[in-house]
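Student: Right, I'll just put the structure down here and ask away after.
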Amino acid sequence: MSVQSPISSVNDFVVRFANVNGSGSASANELFARSILRHGVPVSPRNIFPSNIQGLPTWYEVRVTEAGHLGARGGVDLMVAMNPQTWDKDVASIEPGGYLFYDSTKPMPTSKFRSDITVIGVPLTAITNSTYTDPRQRQLFKNIIYLGALCALLDLDPKLVEQLIGEQYKGKEKLLSSNVHALHLGRDWALQNLKCPIGLQVKKSDKVGERIFIEGNSAAALGAVYGGATVCAWYPITPSSSVAEAFTSHCKKLRHDPATGKAKYAIVQGEDELASIGIVIGASWNGARAFTATSGPGISLMTEFIGLSYFAEIPAVIMNIQRAGPSTGMPTRTQQCDIIACAYASHGDTKHVLLFPEDPAEAFEFAAQSFDLAERLQTMIFLMLDLDIGMNHRLCRPLKWDDARQYDRGKVMTAEMLDEPGRDFGRYLDVDGDGIPYRTYPGTHPTKGSFFTRGTSRDRYARYSEEGAIYADNMQRLVRKFETAQDMVPRPLQANAAKPTKYGVIYFGSTSPAMDEAIGLLESRGHQLDRMRIRAFPFHSSVASFIADHDFVYVVEQNRDGQLRQLIVNENDIDPVRLVPILHYDGTPITARFIANAIGDHQDHLKVTPLRKAVS
Amino acid sequence: MTYIAKPKFQHPGLPKNDLGYTHRDYEGKVSTLCAGCGHDSITASIIEACYELSIEPHRVAKISGIGCSSKTPDYFLGNSHGFNSVHGRMPSVLTGANLANRDLIYLGVSGDGDSASIGFGQFAHSIRRAVNMTYIVENNGVYGLTKGQFSATADRGSKSKKGVMNTDNAIDLVAIALQLGASFVARSFSGDKSQLVPLIAAAIRHRGAAFIDVISPCIAFNNHAGSTKSFDYVREHNDAVNRLDVLTGRDPITVEYAPGTVQVVEQHDGTRLALRKIDADYDANDRLAAMTFLQKHAAKGQVVTGLLYVDPDAEDLHAHLDTVETPLNTLEAKDLCPGSAALEKINASLR
């Protein structure tokens, strides 16, 4: 019996499902999240899963948030505890006054509960076993039965859930009816035996609007389709594999020649990451738009080729879905920890363009744009997602495309151009002063425009040379090209606090939704912060201006060493003392609570420490 | 690799091929390899083969890795695009290039260090993927650029120039190519131009993964008494399984096949290969027999040369992927982008 008042909240709570990997719970849990969306209430779900095939714990968290907060909140209001292995940890994570839902077929001893939570027992195994004889059916339908019970407990409209099941099993009447039956089994049992609804409830609203619900990896893959990628070479690695798989799926639906049925794309699963990026570079050299998707360990393997792409100036796109490193690290946990590794990938002096989308909609836009940028700049472009965006569904604005948009193929000299009187073709000539030379595709002209691509030093006409001055001239042009890139990549977005402030915060990528919420929490504590979301490297000049305009700027990121902060300091020659790192790196998504506490505490500390005041 | 261009002057009386090109049109820059290097002989054979086939030089993409062999694409087909990639990764770059534009001819040039060591995986996988290419390994069993270390194709028991005995087993790239499903497999000797030129020509005409291992003695580091890749050793142990002529579709001939005479092989593109069978029992269409034949003669210390296997019905990677006939690199937004209407439908499905 709870001694604490049970939490009472409408359309604002966190449900977490604790399951066993391989138990088939994923589709039921996702159905739960989608059902709430159909009530017009925003949700923010997250998969928390182990790096193994079967048997270990897995969690699925659904944040129900009428206010539209899409970052992780932290804490659990209702725990659906289906995994005995993690029972103690799961029970401990429930907020005071929260709820514990469990399979009460074999009741747990009271010592396994907490006095400050409400325990809801449903004999799931008994209900399942009395209905189904097939072991697989028992396993799968148990998940739908607990979904049915939750419908009653949270006051979900069963018709909306049935509608979703109908969409999922369209044309498969047997599956549809059996799932609906299981749903009602659970709902009816709960209505007859429990006090329904509990304090946590879902009421119909209109806060979802036109937004769509999509994973970042799928959106990025769709961006590659719209951006004109025709060659994809990849090697499976978590959490990036679903990019290539989604690209394959999208291409099968959208990219076949209607007359012949033949594919207007080529997808190769390479033997490793080295081959994958080699295929991408070969295809791009030959004028196709090509990309690979990988994660940190893949980037490590690709760095030799990345250096070649930089120095030989071959366009290419790498979608890096970051996970916790170093080495194998935590393969299924999220981080933003490849910033430095990608910005300066490969030996020698290199700099690469990085794009940081905040959500699936931007992943789509930036993915499509990355192919224009790669060809325009003739260099490698990194689309920097992470597991939190890539492998979770997010609510985001609908994807948009301008049908008038043409692909920017960059500076490509055609046979006609080569034949123009007085035209001089030198592969590495800086004709326009922007550091970007012209290239030709192989096979363009019988006698003009051919050149030898190599990773060794060469002159402006692509002739092998180890002359120091020629090498330095080339390296300086590459710097010029990188400066040109500053105005081509997505600019940072800035928002000022309601009141003038001496403090700012810089953040990027998947931190965005948590930051949006954290700003409100900080304001409620009296802290005003101007903010800037960085969307690309090289940094636009406004980044340095923003820092110059504030006494202190917090840099919020999800890695141990403050990699974005390092990059800002390094590239803008800024005094590091003025950039305060706010770092979160345990592999879970950063939360608004964490950001607000870390910045709030620092701000409070500033107010009481004379030395800090003196510095400011 | 060199920056020394050959003079452009051509003698007006030079013979021309069907397209009006002379041998000079197929040449590249001046070689900087050691005088007498077998690789230069292979370069000459490539030039000869392309001339005889009347290939437009600029329609060839020549791709290599790193090493002495990988420098050679600079010395032939000067009007072609070349790509000197990174050590051992020529096959992946070539595969990508081929996917981008199926209409060019892809010539991959590699070495034994490049293909049998660091690039062994890429060699294997490009073969098993049936990339339409001519993959030539200029095989001298030694690392020339780094002055004489054994490569993975050096025979066990052979000696380096410094007298060190190789105790590791050799990788036979021909045997591996056969096992992996290459649809055209040959071995030759850089000093046997009459055999090598038609082999290269046939490989270029072949649609699929064509592999030629060319024993190419390193004049500086592997042409001594203890080497099994020296000129003298290979000449003494060379056992030619057949002689090859390439007959183009423009001049068809009908040949009665009989042991000891000629076997005509119809290729995918209609080109015909005429195998002059020295060994009456040798069947170049039998992969299993070729593997056995190779191993049997290797055990005797013989270097089998010639066309060991060809599949006249071979398919390439584009056929396996069922890609459009139009080169992918020429497709534009109107061909590739599904448009806003399709995106609206996708949006609707995600609500």
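Student: Considering every residue within the range B:13-36, establish whether at least one is closer than 15 Å to B:T134 by Cα and touching a Gly at 6+ places or on another chain (Cβ under 9 Å).
Tutor: Looking for residues that are closer than 15 Å to B:T134 by Cα and touching a Gly at 6+ places or on another chain (Cβ under 9 Å), one finds none in the range B:13-36, hence no.
Student: For the range A:252-310, name all the residues that are under 24 Å from the mean Cα position of the chain (by Cα), assigned to a helix (DSSP H, G or I) and either assigned by the TED database to the domain that holds A:Y441 or among the hydrophobic types (A, V, I, L, M, F, W, C) (or both).
Tutor: A:L254, A:L274, A:I277, A:V280, A:I299, A:L301, A:M302, A:I306
Student: Could you tell me whether any residue of the range B:81-104 is among the charged types (D, E, K, R) and buried (at least 24 other Cβ atoms within 10 Å of the Cβ)?
Tutor: yes
Student: Scan the range B:174-196 for residues that are assigned to a helix (DSSP H, G or I) and open to solvent by less than 10 Å² (accessible area, probe 1.4 Å) and jot them down.
Tutor: Result: B:V174, B:A177, B:L178, B:Q195, B:L196.
Student: Please return the ranges of strands (runs of 3 or more DSSP E) entirely within the range A:30-90 where 2 or more residues are more than 16 Å from A:F213 (Cβ to Cβ) and without any contact (Cβ under 8 Å) to a residue 60 or more places away in the chain.
Tutor: Output list reads A:57-65.
Student: Mind checking which helices (runs of 4 or more DSSP H) fall wholly inside the range A:332-414 and carry at least 1 residues that are within 12 Å of chain B (Cβ to nearest Cβ)?
Tutor: A:360-377
Student: Right, something else. Quick check on this structure: which one of B:A5, B:A100 is over 18 Å from the mean Cα position of the chain (by Cα) and either on the phi > 0 side of the Ramachandran plot or within 8 Å of chain A (Cβ to nearest Cβ) (or both)?
Tutor: B:A100
Student: Hey, another quick one. So in the range A:419-438, with the set limited to residues that are open to solvent by 10 Å² or more (accessible area, probe 1.4 Å) and touching a Lys or Arg at 6+ places or on another chain (Cβ under 6 Å), which one is nearest to A:S35 (Cα to Cα)?
Tutor: For the range A:419-438, the residue satisfying everything is A:Y438.
Student: Residue by residue through the range A:236-268, note down the ones that are within 11 Å of chain B (Cβ to nearest Cβ) and touching a helix residue (DSSP H, G or I) at 6+ places or on another chain (Cβ under 7 Å).
Tutor: Passing the criteria: A:H250, A:C251, A:L254, A:R255, A:A263, A:K264, A:Y265, A:A266, A:I267, A:V268.
Student: For the range B:299-318, which residues satisfy the criterion of being surrounded by fewer than 15 Cβ atoms within 10 Å (Cβ to Cβ) and either at negative phi or within 14 Å of chain A (Cβ to nearest Cβ) (or both)?
Tutor: Once the filter is applied, which keeps residues that are surrounded by fewer than 15 Cβ atoms within 10 Å (Cβ to Cβ) and either at negative phi or within 14 Å of chain A (Cβ to nearest Cβ) (or both), the range B:299-318 yields B:A299, B:K300, B:Q302, B:D313, B:E315.
Student: Would you please name the residue that is nearest to A:K159 (Cα to Cα), looking only at residues in the range A:124-143 that are of a type in the set (A, V, I, L, M, F, W, C) and modelled with pLDDT under 95?
Tutor: A:F141
Student: Might you check whether a residue that is more than 10 Å from chain B (Cβ to nearest Cβ) and surrounded by 14 or more Cβ atoms within 10 Å (Cβ to Cβ) occurs anywhere in the range A:456-465?
Tutor: So far as the range A:456-465 goes, yes, one or more of its residues are more than 10 Å from chain B (Cβ to nearest Cβ) and surrounded by 14 or more Cβ atoms within 10 Å (Cβ to Cβ).
Student: Output the number of residues of the range A:33-57 satisfying the condition of being within 14 Å of chain B (Cβ to nearest Cβ) and open to solvent by 30 Å² or more (accessible area, probe 1.4 Å).
Tutor: 2
Student: Kindly check whether there is at least one residue in the range B:133-142 that is open to solvent by 10 Å² or more (accessible area, probe 1.4 Å), within 14 Å of chain A (Cβ to nearest Cβ) and touching a strand residue (DSSP E or B) at 6+ places or on another chain (Cβ under 6 Å).
Tutor: Among the residues of the range B:133-142, not one is open to solvent by 10 Å² or more (accessible area, probe 1.4 Å), within 14 Å of chain A (Cβ to nearest Cβ) and touching a strand residue (DSSP E or B) at 6+ places or on another chain (Cβ under 6 Å), which makes the answer no.
Conditions (1) touching a residue at least 24 places away in the same chain (Cβ under 8 Å); (2) surrounded by fewer than 20 Cβ atoms within 10 Å (Cβ to Cβ); (3) touching a Cys at 6+ places or on another chain (Cβ under 9 Å), marked per residue:
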| site | (1), (2), (3) |
| --- | --- |
| A:S524 | no, yes, no |
| A:F537 | yes, no, yes |
| A:A548 | no, yes, no |
| A:V553 | yes, no, no |
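Student: While we're on this one: Can you tell me which condition A:K448 does not meet? The list is (1) more than 10 Å from every other protein chain (Cβ to nearest Cβ); (2) assigned to a loop (DSSP other than H, G, I, E, B); (3) open to solvent by 40 Å² or more (accessible area, probe 1.4 Å); (4) not hydrophobic (A, V, I, L, M, F, W, C), and all the others hold.
Tutor: Unmet condition: (1).
Student: Among the residues of the range A:309-324, what is the count of those that are farther than 23 Å from A:S242 by Cβ and open to solvent by less than 10 Å² (accessible area, probe 1.4 Å)?
Tutor: Residues that pass the stated criteria total 5.
Student: Taking only the range A:451-466 into account, find how many residues are assigned to a loop (DSSP other than H, G, I, E, B), under 20 Å from A:H347 (Cα atoms) and free of Cβ contacts under 8 Å to residues at least 60 places away in the same chain.
Tutor: Residues meeting the conditions: 4.
To keep it simple, each residue is scored yes or no on (1) over 29 Å from B:S117 (Cβ atoms); (2) away from chain A (no Cβ under 14 Å); (3) among the aliphatic types (A, V, I, L, M); (4) open to solvent by 40 Å² or more (accessible area, probe 1.4 Å).
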position: B:R24; (1), (2), (3), (4): yes, no, no, yes
position: B:G28; (1), (2), (3), (4): no, no, no, no
position: B:T43; (1), (2), (3), (4): no, yes, no, no
position: B:R59; (1), (2), (3), (4): yes, no, no, yes
position: B:I66; (1), (2), (3), (4): no, no, yes, yes
position: B:P73; (1), (2), (3), (4): no, no, no, no
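Student: Looking only at the range B:8-19, which residues are away from chain A (no Cβ under 11 Å) and modelled with pLDDT of 90 or more?
Tutor: Once the filter is applied, which keeps residues that are away from chain A (no Cβ under 11 Å) and modelled with pLDDT of 90 or more, the range B:8-19 yields B:P15, B:K16, B:N17, B:D18.
Student: Continuing with the same structure: Which number in (1) modelled with pLDDT under 95; (2) more than 9 Å from chain A (Cβ to nearest Cβ) marks the one condition that B:R351 misses?
Tutor: Checking B:R351 against (1) modelled with pLDDT under 95; (2) more than 9 Å from chain A (Cβ to nearest Cβ), the one that fails is (2).
Student: While we're here: Check A:G443, A:G449, A:G455, A:G468 and return the single one that is touching a Gly at 6+ places or on another chain (Cβ under 8 Å) and assigned by the TED database to the domain that holds A:T484.
Tutor: Exactly one of A:G443, A:G449, A:G455, A:G468 is touching a Gly at 6+ places or on another chain (Cβ under 8 Å) and assigned by the TED database to the domain that holds A:T484, namely A:G455.
Student: So, one more: Give me a count of the residues in the range A:250-273 that are open to solvent by less than 30 Å² (accessible area, probe 1.4 Å) and farther than 27 Å from B:I346 by Cα.
Tutor: Going through the range A:250-273 one residue at a time, the tally reaches 2.
Student: Answer yes if at least one residue in the range A:472-486 is among the small types (G, A, S), more than 14 Å from chain B (Cβ to nearest Cβ) and open to solvent by 60 Å² or more (accessible area, probe 1.4 Å), and no otherwise.
Tutor: no
Student: With A:Q192, A:Q201, A:Q168 as the choices, which residue is within 14 Å of another protein chain (Cβ to nearest Cβ) and of a type in the set (S, T, N, Q)?
Tutor: A:Q168 is the lone residue from the list that is within 14 Å of another protein chain (Cβ to nearest Cβ) and of a type in the set (S, T, N, Q).
The values are calculated or read from the model by the stated rules, or taken from the named source; none is laboratory data. Bear in mind that the values here come from a model prediction, so they are computed numbers and not experimental data. Every residue, glycine among them, receives a Cβ derived from its backbone with ideal geometry; neighbour counts consider all protein chains shown. These area figures cover heavy atoms from the full protein model, side chains too; ligands, DNA and RNA do not enter into them. Shrake-Rupley method; radii C 1.70, N 1.55, O 1.52, S 1.80 Å.
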